[in-house]
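Notes follow once the structure below has been shown.
Only the coordinates and a few stated rules stand behind these numbers; no lab work does. Because the structure is a prediction, the values reported are computed rather than measured. Cβ coordinates were reconstructed from backbone atoms using ideal geometry, including for glycine residues, and neighbour counts include every protein chain displayed.
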Amino acid sequence: MQTRSIGPLDVSVVGLGCNNFGGRLDEAGTHAVIGAAIDAGVTLFDTADIYGGARSEELVGKALGTKRDQVVLATKFGIPYEGHEGGAAAGYVARAVEDSLRRLGTDRIDLYQLHAPDSAVPITETLGALNDLVVAGKVRVIGCSNFTAAQLREAEWAAGKGARFESVQNQMSVLSREAEDDVLAVCDELSIAFLPFYPLANGLLTGKYKKGEPIPEGTRLAAFPADRAAHVLSDENFEKLEALRTLAESHGHSLLELSVAWLLSHRQVASVIAGATKPEQVQANVAAAGWQLDAEVLTAIDELAPR
């Protein structure tokens with residue numbers, strides 16, 4: 001497994017998204033998937049305090065057990081959930097990190113991320129509170145999620161000589177390319193690592209959904225409201241999927257492998273964080289990182305799924 005950097009952290013180019021744990025997967029299922037990820041060389045595990053009804057962190061901590069020190073453990077805070085008001089005020093940051101440390105069963109979080117901007121709180125206040133956590137050794141580095149290019153620049157200025165955002169986690173896939181408009185350029189400008197969420201477009205890019213066929217039971221889209229699922233499963237998306245699948249297969253690869261390899265063709269991307277509910281899905285995601293796309297394939301992708 002190759003690695004890339006998030007500030008001082010070295011992470012595997014394929015990470016494991018832990019949003020299924022505590023929801024679609026119970027403790028046994030979580031142990032199986034995390035075990036497969038570790039065996040496959042995955043070192044970045046990304047969760048959040050809200051995942052799985054606040055159970056994901058707990059299950060991740062239990063599953064890692066004595067292997068905690070072998071991985072880079074990332075979590076997020078800021079979105080409200082039961083008993084927690086959310087946000088990015090200093091007082092809430094201090095409480096949120098203690099809750100996450102307790103659930104994860106660890107004494108430090110490697111990458112602590114603000115899950116979404118909080119317009120009600122000055123970013124200087126949030127960064128000050130996060131810097132205190134770094135100084136105290138409770139957090140190694142900090143990141144953010146769902147930030148615009150302008151918000152990233154503002155945060156960089158506000159950080160001063162304190163802890164700064166080393167990563168930004170925004171939506172990006174071959175079907176959702178908005179980050180290429182400006183956020184990736186700011187990542188270059190400020191040396192910020194990019195972590196794409198929904199890298200497989202809610203499972204569309206795995207090839208499991210077929211036009212005109214019912215949504216498979218137990219999949220992510222099966223739990224979506226009907227209107228949202230219909231939006232994802234649009235005719236336009238299916239046309240792109242078929243074209244991309246044909247392109248991938250013409251080079252001896254799958255649609256999933258093309259999707260992961262395309263993300264990793266962007267130098268700003270530190271790790272493709274893909275969720276999984278089965279060990280074999282983890283193995284497929286890891287294998288996909290082995291294809292390095294050449295200029296001809298990249299040009300073809302731009303034509304079939306333009307920005």
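Within 11 Å, Cβ to Cβ, of Y112, how many net charges do the neighbouring residues add up to if Lys/Arg are +1 and Asp/Glu are -1?
Values: positive: K76, R108, K138, R140; negative: D49, D110, E166.
Charge balance in the 11 Å sphere: +1.
Apply 1/(1 + (r/R0)^6) to the Cβ-Cβ distance of L304 and D99, taking R0 = 41 Å, and write down the FRET efficiency to the nearest 0.05. Kindly include the intermediate steps, with their values, before the conclusion.
Numbers: r = 45 Å, r/R0 = 1.09.
Approximately 0.40, to the nearest 0.05.
Express in nm, to one decimal, how much length is gained between A120 and D227 on full extension, taking 0.36 nm for each residue of separation and deducting their alpha carbon distance.
Values: separation 107, 0.36 × 107 = 38.52 nm, distance 3.11 nm.
35.4 nm is the gain from fully extending A120 to D227.
Using modelled backbone amide H atoms (1.01 Å from N, in-plane), which distant-in-sequence or interchain residues come within less than 5 Å of D110's amide H?
L73, R140
Would you grab the residues whose amide H sits under 5 Å from the one on E166? Only those 5+ places off in sequence or on another chain, please, with H modelled 1.01 Å from N.
HN-HN under 5 Å from E166: I142, G143.
Could you compute the FRET efficiency for S250 and Q283, with r as their C-beta to C-beta distance and R0 at 22 Å, rounded to 0.05?
Details: r = 24 Å, r/R0 = 1.08.
About 0.40, to the nearest 0.05.
Students often get this wrong: which residues of the range 256-283 have the backbone nitrogen under 12 Å from the point 7 angstrom along Cα-to-C-beta of Q292?
Once the point is set 7 Å along Cα→Cβ of Q292, 265 turn out to lie under 12 Å by backbone N, inside the range 256-283.
Out of R55, R164, R228, any idea which swings most in a Gaussian network model of the chain, alpha carbons joined below 10 Å?
R228
Would any residue of the range 61-89 have its amide N under 19 Å from a label point 7 Å out along Cα→Cβ of D10? List them or say none.
67-74
Compute the acute angle (0 to 90°) between the alpha-carbon long axis of helix 149-159 and the principal axis of greatest extent of the alpha-carbon atoms of the chain; round to the nearest 10°.
20 degrees
Taking loop as defined by DSSP and a crowding limit of 16 other beta carbons within 10 Å, which chymotrypsin sites (Phe, Trp or Tyr not before Pro) in the range 230-297 fit? If you can, show how the numbers build up before the last one.
Working: sites: F238, W262, W291; in loops: W291.
Filter output for the range 230-297: empty list.
Just give me a number: lysine pairs in the chain, eight or more positions apart or cross-chain, with C-alpha atoms less than 23 Å apart.
Here the count comes out as 14.
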